[in-house]
Structures are given as C-alpha cells and as structure tokens.
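A short write-up of the structure that comes next.
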C-alpha cells in the first residue's frame with residue numbers, strides 16, 4: 001500500500017536527488033551505550049520531508065533506541081540529531097516538534113478520549129474553543145466521533161490505537177514517530193489500519209518514522225526502509241531495492257526468504273561473472289559485472305519465485321544456471337506451492353511456482369527428479 | 001505423545017485422612033468453602049464484635065463504687081426484669097467542652113500529621129518506585145526496618161533527640177545556638193506521628209506508583225508537558241488510590257493515638273486517647289470512658305466510609 005510511483009512527482013522522492021534536497025531529519029554518527037552494551041552504533045541516516053520511513057529490525061537491533069533518541073527519551077552517547085535544521089540532541093522531549101505513538105499506546109487511563117487528545121493542546125495553552133475544534137477534527141479523522149466521552153478501557157484495541165494516533169497528531173507535529181504501531185492488532189485489523197495509516201500520512205503530509213519488526217508491514221507502509229542489525233544500519237533503500245537488490249547476506253535472509261549459495265569466482269569480466277558452486281553442482285552465470293576478484297569466495301542469493309522447475313533438462317545459459325535435484329517437500333499455499341529440492345550436494349533449494357492451472361494433475365510431485373533454472377539477473381551476488 | 005502413566009493401571013489410591021471429617025461435615029451441610037469463611041467470622045465475632053458490644057453496654061451504665069465499677073444494665077426484682085439505660089454519659093460528651101475539644105483537637109492533629117506524612121512519604125515512595133530493580137527491595141526493607149524495634153522504644157528514643165539537652169540541641173549548641181524547646185509541644189507530637197506512621201504511608205503509595213507505566217510519563221513529556229505538569233496531571237491523579245489508602249492508614253490510628261501524645265506531648269496537647277486513659281485509670285469512670293470510646297469509633301468509622309467511597313469512585317474511573 002505504499003504510494004504508487006506514478007502518483008509521485010519526481011520531487012517526492014527526494015532521496016534520489018540528495019544534491020538538491022535538504023534532509024528533514026539528519027542523524028549523524030549517533031551511538032548509544034547502556035553501560036557496556038552498545039545499543040546503537042555509529043548510525044547516520046537522512047530522512048526527507050513527507051517520507052514514511054520504516055526502521056526494520058529484529059529485537060535488540062537498536063531500532064527502538066534510535067526512535068527513543070529522536071523523541072528525546074534517550075540522549076545519544078555520541079553524535080547529533082538534527083530535525084528541520086535544528087540540533088535536537090540535547091533538547092528535552094517536551095520542547096521537540098516531534099510526537100510519538102507508543103507501542104502500548106500509553107493512553108492516560110484517567111482521562112476520556114477527548115481529554116487524551118486535548119492533553120498536548122492544553123499544555124500549549126491554546127484557547128478552549130480552539131482545542132475543542134481541533135479535538136473534534138481529529139476524532140473525525142480517526143472515525144471516533146461518538147467515542148469522545150469514553151475512557152480508554154471502554155475501547156477495543158483498534159479504537160485505542162486510533163486514539164493514540166489522534167493524540168500524537170493533535171499538535172500537528174513535523175515528525176511523527178510510531179513504535180510498532182500495528183503490533184497489538186490482529187491480522188485483519190492490521191491490514192485495514194495499514195491502509196488508513198498511509199492515507200492519513202498522505203493527507204497530512206507529516207513525516208512518519210515507523211519502527212517495526214514485521215517486514216511485511218515495512219514493505220507495505222514504507223517509502224524507504226532502513227534495515228537494522230546489531231545497532232547498525234545494514235541497508236537503506238526503497239522496498240523493492242531491499243527485496244530485489246539486498247546488499248548483504250543479512251539483508252537477503254532477513255527480508256523474505258532467500259536461497260543462499262556459496263561459490264568461487266571463475267570468470268570475472270566487465271559484462272558478466274561466472275561463479276563455480278559445488279553446492280549447486282553447476283556454475284552460476286551472472287549477466288552483469290561485479291566488483292570482485294577471480295577465485296574470490298562469495299555468496300549468491302536468489303528468491304524462491306525467481307526460479308523455474310521443469311522435468312526436462314532446460315538449455316541453460318552459457319552452460320550454467322541449471323541445477324538438478326529431487327523434490328523432497330511441497331508446501332501447497334493455494335496461490336503458490338513451495339517446493340523443497342534436495343540437490344546432490346545435500347544443499348536444499350526452495351522454489352515457488354504459481355498454481356496457474358486449477359487442480360493441475362500434471363503438477364510436479366514428491367520424489368521426482370527435476371531441473372531448476374533461473375535467469376542471468378535473477379540472483380544477487382553478495383560479497384559480505 | 002508420551003503418557004505419564006499407563007492408562008490400564010488405575011492410579012494409586014490416595015489416602016485421605018480428612019475424608020471422614022469432610023463427609024461428616026457435609027452431612028450437616030458444611031462445605032470446605034464455608035469453613036474457610038466461617039473461621040475469620042468467628043474470630044471477628046469473638047475478638048471484635050463481642051468486646052465492642054460489652055463496651056457499648058458499659059457506656060450505657062452509670063459509675064458506681066465496687067466491682068465492677070458500673071451499674072448493671074439488667075436488674076431483676078420480684079420477677080420483673082428491668083433494663084436501665086443511662087444516656088447521661090453520651091449527653092455529657094456534648095455538654096462538657098473537654099470532650100468536644102479533645103475530639104476536634106485529635107482530628108486536627110491527626111489531619112495535619114497525615115498531610116505532613118504524605119508530603120514526606122510521597123517523594124520517598126516515588127524515589128523507591130523509580131529506583132533500579134536491585135535497589136528497590138533494599139530501600140523497601142529500610143522503610144520497614146523500624147518495625148523490628150518496639151514502637152514504645154522508638155517513641156521514647158525520640159525524646160532523647162528532642163529534649164533540652166538532647167542530640168539536636170547539643171548539635172545546635174556547637175554553633176552557639178540557644179537550645180530550642182521541642183519536647184512537650186505539639187511539634188514533638190507531629191514528629192512522633194510522622195516518624196512512626198511513615199511506613200504506612202510509603203507502602204501503599206509505593207505499590208500504586210510502581211505499577212504506573214513509565215510510557216505514560218514519556219507520553220506526557222512527548223506531548224509537551226514539563227515535568228511539573230506531568231506530575232500534576234498524570235502521576236498525581238493516577239496515584240490517588242495510594243494517597244487515599246496511605247492517608248487512611250495514618251489518619252485513623254493517629255486520631256486515637258495515646259502513646260505519642262503522652263510521651264512527647266505537653267499538657268496542652270489534647271487528644272482523645274489521653275482523655276480515654278484518664279477516664280479509665282484516673283477517674284475509674286468506666287461508663288464514661290466507654291462512651292468516649294464508642295464516640296471515637298464513630299469519629300473514625302465515618303471518615304473511613306467516606307474515604308472508601310471516594311476510593312471506590314476513583315477505582316471505577
């Protein structure tokens with residue numbers, strides 16, 4: 001549900017043109033240590049206005065600590081954080097033009113929905129009438145017009161989530177931080193809410209930074225994703241970049257599923273590379289140049305849906321890109337089936353095939369010897 | 001699947017020595033659950049309600065010389081049983097200024113002491129609740145530690161601090177400051193009550209404060225509230241149940257406090273506990289003393305009920 005590219009004018013993807021666009025949030029060499037533990041290590045990150053940036057990582061990857069430093073709940077051990085050109089590193093949370101939506105929602109239990117939303121506005125000393133109008137506006141935005149007088153404990157999980165969002169948006173923050181915003185919702189509600197969240201973000205043009213451990217959520221929401229691993233940023237990119245062109249074994253494995261194969265470079269030409277892989281039992285022909293040296297040991301990753309299964313031996317490419325093995329497992333998922341192919345080396349490949357024929361009697365089945373083939377640009381060569 | 005035992009072998013019969021008792025009780029319609037409920041009821045009946053009834057009965061008698069030192073309620077004469085209720089003890093409570101003044105003074109002293117205890121105890125409870133995990137139990141232990149010494153001893157020890165040549169005055173003397181009169185004043189009584197009842201304030205406050213989600217404070221700060229506003233609008237309202245519970249635990253026993261005012265207070269420190277003591281032991285006027293006690297119970301029970309209702313309302317929110 002990320003924005004359709006054709007809806008975006010060139011200037012709404014400012015990260016593609018860093019020379020002419022000033023980042024809105026600038027995180028420079030930020031580290032955070034808790035005692036001996038390094039939670040965030042030398043992270044530098046630029047986020048542009050109206051972006052919906054996802055920080056994606058497992059638990060303990062430092063993504064939440066980074067978010068809390070943006071909100072001002074933690075002070076970086078070193079490095080600086082700039083928001084809208086102003087250094088925010090030492091500014092306390094109550095003086096930042098930033099609001100946060102908490103994972104637990106952190107709604108004030110002793111206040112009604114209206115009072116919760118009005119809380120930040122009251123602290124700013126706005127006139128009563130203005131506060132009432134703004135609260136009403138937000139209740140309409142999150143479709144909770146009739147729930148203003150309720151207490152948080154009288155609401156469902158989804159409603160609480162929307163109150164939390166309304167409260168965080170009330171002060172028209174320049175930057176909204178969302179900590180696992182959909183984590184506490186069930187699957188169906190989560191899908192609906194993802195859509196709403198993107199709609200609201202587009203409508204208001206606020207910059208969102210979302211922390212999530214759910215890669216599917218990151219892929220659907222984000223304009224860009226920052227993958228975090230052990231306190232460091234492993235990769236920053238648009239969802240398609242992250243999925244199709246991972247820059248490391250970690251990213252390839254973390255996002256989606258990938259077959260990872262070890263190999264040795266046997267031909268290193270400017271227009272192609274040949275990798276000898278004993279695991280695959282064949283060569284890999286890559287149709288573009290790679291920054292590597294002959295005889296270098298490296299890895300090659302390929303997504304299950306990028307490979308094709310067949311009973312007859314395919315022609316292959318330049319005498320490469322054809323592996324053979326026996327069907328060991330089949331997972332039928334309805335729209336696709338995932339086959340696990342055992343190669344002679346003992347290596348197992350996961351290949352997914354679309355079930356385009358209904359109840360196909362001729363489908364490949366268990367214990368059949370099959371050939372696996374792929375295109376010259378289907379996989380990613382990874383050197384780290 | 002691994003079965004814990006073979007289903008074909010019946011499980012060993014458990015010996016139930018209480019089976020016979022259980023069956024016997026069941027025959028007269030008593031279940032285990034009832035027994036559990038009956039035990040505290042009997043306790044309350046024997047050690048609370050019956051003595052209370054006795055006190056109430058005595059309060060309706062008249063003083064007399066002899067044993068017991070009060071007139072019997074029931075007298076029988078030629079087959080006529082006569083119930084004599086003397087209300088003059090209660091009437092006296094209102095007509096004699098001493099009692100009204102003592103009640104009001106007790107409430108005033110207890111109320112002021114409760115407020116001071118709250119002001120002292122709240123920051124302490126807050127600090128303990130926010131302390132690192134490994135410190136928390138040690139700090140709580142320190143709060144409870146004074147209970148390991150006799151209450152009487154601790155109050156008596158305070159006199160050593162506050163008397164004319166006590167520790168405080170000797171310390172002040174080092175700087176050439178004239179000794180301050182602290183003993184036998186209301187001040188000493190406040191010090192005594194605050195000191196002895198502080199743990200009763202801190203513990204309920206701590207339990208409410210420690211349960212509060214830290215993210216609520218962060219959310220408040222995030223929405224632009226300075227620390228003082230976060231305290232006033234979030235922390236304080238959410239700790240209200242603890243404030244009410246702690247205040248009740250201090251206020252109620254402080255009203256009837258006897259040891260502290262008699263050891264630390266002066267002759268002008270008028271508290272109902274001392275009046276009660278004097279009636280019983282100096283004037284040997286048991287009926288009057290009983291009337292004072294019953295009236296004190298009412299003075300204490302009414303605020304409890306009001307506070308409990310207030311607490312119920314807070315919890316409901």
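Of note:
- Debye intensity ratio I(q)/I(0), log10, the range A:178-252, q values 0.18, 0.24, 0.27 Å⁻¹ (C-alpha model): -0.76, -1.17, -1.31
- Label-to-label distance, nm, for residues given as residue A:191 and residue B:297 (7 Å Cα→Cβ offset): 6.7 nm
- Degrees between helix A:113-123 axis and first principal axis of chain A (Cα, 0 to 90, nearest 10): 70 degrees
- Over chain A: Rg over Rh, Cα atoms, Kirkwood Rh: 1.05
- Note on the range B:75-217: Kirkwood radius taken over Cα pairs, Stokes-Einstein applied at 25 °C and 0.890 mPa s, translational D equal to 126 µm² s⁻¹.
- Helical contribution to [θ] at 222 nm, DSSP H n ≥ 4, -39,500 (n - 2.57), averaged over chain B, rounded to 500: -20500 deg cm²/dmol
- Counting only DSSP beta bridges with both residues in chain A, the antiparallel share comes to about 75 percent.
- Pairwise FRET efficiency - residue B:210 versus residue A:245, Cβ, R0 = 56 Å, nearest 0.05: 0.70
- For the range B:88-316, the relative contact order comes to 29 percent (Cα pairs under 8 Å, sequence separation of at least 6).
- Gaussian network model of chain B, springs between alpha carbon atoms under 10 Å - residue of B:248, B:305, B:182 with greatest fluctuation: B:305
- For the protein assembly as shown, the share of alpha carbon pairs falling in successive 10 Å distance bins from zero is 2, 10, 14, 14, 14, 13, 11, 8, 5, 4, 2, 1, 0, 0 percent.
- Between the range B:173-225 and the range A:82-140, the alpha-carbon center distance in angstrom: 32 Å
- Convex hull (Cα only) mean projected area of the range A:1-157, reported in nm² to one decimal: 12.5 nm²
- Averaged over peptide A:59-67, the number of partner chain Cβ atoms lying within 10 Å of each residue's Cβ comes to 0.
- Computed FRET value (nearest 0.05) for residue A:368 with residue A:203, which takes r as the C-beta separation and R₀ as 56 Å: 0.60
- Gain upon complete extension [residue A:293, residue A:133; 0.36 nm per residue less C-alpha separation]: 51.0 nm
- Computed over the range B:17-108, the range of Cα coordinates on each principal axis works out to 62, 51, 21 Å, biggest value leading.
- Label-point separation in nm, residue A:41 to residue A:89, each point 7 Å along Cα→Cβ: 2.1 nm
- Sites residue A:20 and residue A:271 - FRET efficiency at Förster radius 35 Å, r taken between beta-carbons, to 0.05: 0.60
- Take every pair of alpha-carbon atoms less than 8 Å apart whose residues are at least six positions apart; their mean separation over the length of chain A yields a relative contact order of 15 percent.
- Of all beta bridges that DSSP places with both ends in the protein assembly as shown, some 80 percent have antiparallel geometry.
- Summarised in one figure, the compactness ratio Rg/Rh of the range B:24-78, Cα atoms and Kirkwood Rh, is 1.29.
- Quotient of C-alpha Rg and 2.2 N^0.38 Å, computed over chain B: 1.39
- With contacts taken as Cα pairs under 8 Å and at least 6 residues apart, the range A:257-382 reaches a relative contact order of 29 percent.
- Rounded to 10°, Cα long-axis angle of helix A:157-169 versus longest principal axis of chain A: 70 degrees
- Per-selection Kirkwood Rh - the range A:99-247 (Cα, Å, 1 d.p.): 16.3 Å
- For the range A:25-102, the spread of Cα positions along the three principal axes, ordered from largest to smallest, is 32, 25, 24 Å.
- Peptide B:211-217 shows a mean partner chain C-beta count of 4 within 10 Å per residue C-beta.
- The spacing between the range A:288-302 and the range B:67-146, judged by their C-alpha centroids, is 85 Å.
- Cubic angstrom per residue, convex hull over Cα atoms of the range A:257-382: 97 Å³
- Between residue A:214 and residue A:377, the contour length at 0.36 nm per residue exceeds the alpha carbon distance by 55.9 nm.
- Pairwise centroid distance, computed over Cα atoms, of the range B:229-307 with the range A:178-232, Å: 57 Å
Every number here is computed from the coordinates shown, using simple stated rules; none is lab data. Quantities reported herein were computed from a predicted structural model and do not represent experimental measurements. Ideal geometry is used to build each Cβ from the backbone, glycine not excepted, and the neighbour counts take in all protein chains shown.
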